[in-house]
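The values are calculated or read from the model by the stated rules, or taken from the named source; none is laboratory data. Quick caveat: nothing in here was measured; it's all calculated off a predicted structure. Glycine gets a Cβ as well: all are built from the backbone with ideal geometry, and neighbour counts include every protein chain shown. Quick note on the areas: whole protein, heavy atoms, side chains included, nothing else; ligands and nucleic acids left out. Shrake-Rupley method; radii C 1.70, N 1.55, O 1.52, S 1.80 Å.
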Amino acid sequence: MGMNQTPASERVHISFFGKRNAGKSSVINAVTGQDLAIVSQVKGTTTDPVYKTMELLPLGPVVVIDTPGIDDEGELGKLRIRKSYQVLNKTDVALLIVDGTIGRQPEDEMLIRRFQDKGIPYLVVYNKLDQMDGEPACGENEMWVSAKDKLHIWELKERIAELGKQEEPDRYIVRDLMEPGDFLVLVVPIDKAAPKGRLILPQQQTIRDILDGNGSAIVVKEDGLREALDKLGSPPRLVITDSQVFDRAAKDTPKDVLLTSFSILFARYKGDLAEAVRGVKALDSIQNGDKILIGEGCTHHRQCDDIGTVKIPRWLREYTGCELDFDFTSGTEFPDDLSPYRMVVHCGGCMLNAREMKYRVQCAVDQGIPITNYGILIAYLRGILKRSVEPFPEIARLLD
Ligand SMILES: Nc1nc2c(ncn2[C@@H]2O[C@H](COP(=O)(O)OP(=O)(O)OP(=O)(O)O)[C@@H](O)[C@H]2O)c(=O)[nH]1
Ligand SMILES: [Mg+2]
């Protein structure tokens, strides 16, 4: 991802599903106007989900996902089908490509039910119109195209955009906590862990959100906070700090000024803050031998350092005084069955889109397994959670 691009996690994820040879890859190529995906008459040409970030007009920045056919056969085939179904968990708009000369099959009906169950806006696209005698009638959620002769591709893009726009988020990082003209102070430590020459994504996104809310973002290092607050004259609407320096920031922020952390804001933005706060309380009833799942959204641990794999397990053992067993997952892997676990601790999910993060939380909630995240957990272990959720009275109440 280039630094000047919209991060993938903020893009509408548009996935193309369907049986082998329906023309998924061909339709993607027609829609994107590029030869992104390999097309052939061999069934099962696409063997892994293929992701491509791009501008898809008239919608804007998207991730287009090509998937293996959901009717693949054999052991490998089953794995591929699983991968296609996993893509569903991050899909904001689903397109079901059907070979129009054959029509809808049981596998297609199953997919449609999944879209409906998950509340994913979808469109059924009958492909290979060029082989039909005229254009058959179709329903509201359906349309006909030909990837080969580029028939109705423009309309298809319009309809994708319509579905994608319904997905516009009404969730914000901080904008809903402030008024235009407010100023907010951001505490950003520049230590060895900070990437060279830039800010990390959550910090950038927070600044952008404040600007979108027509406020001012004042960015300081932890040792500059007190002076900045003194100089401001009137108190800021909110101080947002990196959790690593929360104690210092809490000391330097007057008690009547609201203070929170980037992790708390992102737990709210990306996942479910209330659930994470409820989940963290499971720590107090943990017992020897309990198994804990640590989930990470990215596979490169650079940004997350060794927090998930080393530090959190150590802190949990120290805090609980128990012998604990840890399992780790990363990237797009996340087990369907969480029953072996006493609780799940997940990263903030800066590399996952909101839909996928919500899906993981929902998995845990459905199975009755407490789920929390790094930021909330660390805040809790350090006794600072109460203060950092002050800006959210209904959440703070959960801790009483
Ligand atoms: N006549 C006609 N053939 C098409 C059209 N779209 C795709 N095909 C052909 O259908 C075959 C399968 O196309 P693909 O795009 O590879 O299909 P897919 O759904 O991606 O298939 P898998 O990756 O194997 O699951 C190829 O031979 C294409 O040339 C179309 O609009 N009209
Ligand atoms: Mg394909």
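Springs between alpha-carbon atoms under 10 Å, Gaussian network over the chain: tell me which of 307, 369, 97 tops the mean-square fluctuations.
For the chain, modelled as a Gaussian network with Cα springs under 10 Å, the answer is 307.
Tell me the relative contact order for the chain as a rounded percent, counting alpha carbon contacts under 8 Å between residues six or more apart.
13
Expressed as a whole percentage, what fraction of the accessible surface of the chain belongs to carbon and sulfur atoms when a 1.4 Å probe is rolled over the protein heavy atoms?
That share works out to 49 percent.
GluC sites (Glu not before Pro), restricted to the range 1-96: which are DSSP loop and have at most 14 other Cβ atoms within 10 Å?
When the GluC sites (Glu not before Pro) of the range 1-96 are filtered for loop state and at most 14 Cβ neighbours within 10 Å, 73 remain.
Please go through the residue pairs 221/251; 19/148; 52/196; 43/157; 19/43; 90/358 and name each one whose alpha carbons sit more than 20 Å apart in this structure.
Where the Cα-Cα span goes over 20 Å, the pairs concerned are 52/196; 43/157.
With the dipole of the chain worked out from charges on the C-beta (+1 for Lys and Arg, -1 for Asp and Glu) around the Cα centre, which of 328, 225, 236 lies farthest toward the positive end?
225
Which value in deg cm²/dmol, rounded to the nearest 500, describes the helix-derived mean residue ellipticity at 222 nm for the chain, given -39,500 (n - 2.57) per DSSP H run of n ≥ 4 and division by the residue count?
After summing the helix terms and dividing by the residues of the chain, the value is -9500 deg cm²/dmol.
Just subtract the alpha-carbon distance of residue 386 and residue 362 from 0.36 nm times their residue separation and send over the number in nm, one decimal.
6.2 nm
Using only the Cα atoms of the range 175-257, build the gyration tensor, take square roots of its eigenvalues as a ≥ b ≥ c, and label the shape rounded, prolate or oblate: rounded if a/c is under 1.5, else prolate if a/b is larger than b/c, else oblate.
Because a/c hits 1.5 or more and a/b fails to exceed b/c, the range 175-257 counts as oblate.
Per residue, how many Å² of accessible area does the chain show with a 1.4 Å probe?
Roughly 47 Å² per residue, with all protein chains present.
Suppose every Lys and Arg Cβ carries +1 and every Asp and Glu Cβ carries -1, with no other charges. What dipole size does the chain come out with about its Cα centre, to the nearest 20 debye?
It works out to roughly 820 debye.
With charges set only on the Cβ (+1 for Lys and Arg, -1 for Asp and Glu), what does the dipole of the range 272-381 come to about its Cα centre, in debye to the nearest 20?
280
In vacuum, with every alpha carbon of the chain counted as one equal point scatterer, what does the Debye formula give for log10 I(q)/I(0) at q = 0.08 Å⁻¹? Two decimals, please.
So the normalised log intensities work out to -0.50.
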